[in-house]
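Throughout, read-outs are computed from the coordinates displayed, never taken from laboratory work. Note that the structure is predicted; figures quoted are calculated from it, not measured. Don't worry about glycine lacking a Cβ; one is built from the backbone with ideal geometry, like all the others, and counts go over all protein chains shown.
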Amino acid sequence: MQALRSRDRDVASMREDLAAVRAASAAAGAAAEKRCTAAEDAARRWEAEAGLARGRLKEAEAAARAAKAELLKQKAESEVGGCRCVGAVAC
């Protein structure tokens, strides 16, 4: 009889341990899922910001090319007339 009681206590203790392990496992899984979701959200935000930065870079490069073309055009026009004036100084 005493052996049965001891065995019942051991089984009950094991069941409690198992329940605690399952609860801890579920909590760890939920925490990992939350961190994963946060990481995915952050990655999406960074990708979007990188896309915007690439767009701004392309615009800046286009503006630089246009400015260079305008400068070359003005330089060519000033050399055609034989005038080598600098800036706003007129011939």
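Quick notes
- The dipole here belongs to the range 1-68: it is taken about the Cα centre, uses +1 on the Cβ of Lys and Arg and -1 on the Cβ of Asp and Glu, and is about 220 debye.
- A cut-off under 14 angstrom between Cβ atoms defines the neighbours of D17, and their net charge, with Lys, Arg +1 and Asp, Glu -1, is +1.
- Nearest-ten-degree value, helix 2-80 long axis tilted from longest Cα axis of the chain: 0 degrees
- In the range 1-68, taking the dipole from charged Cβ atoms about the Cα centre, the farthest positive-side position among A3, L57, S13 is held by L57.
- Coordinate range along principal axes, alpha carbons of the chain, Å, largest first: 121, 16, 12
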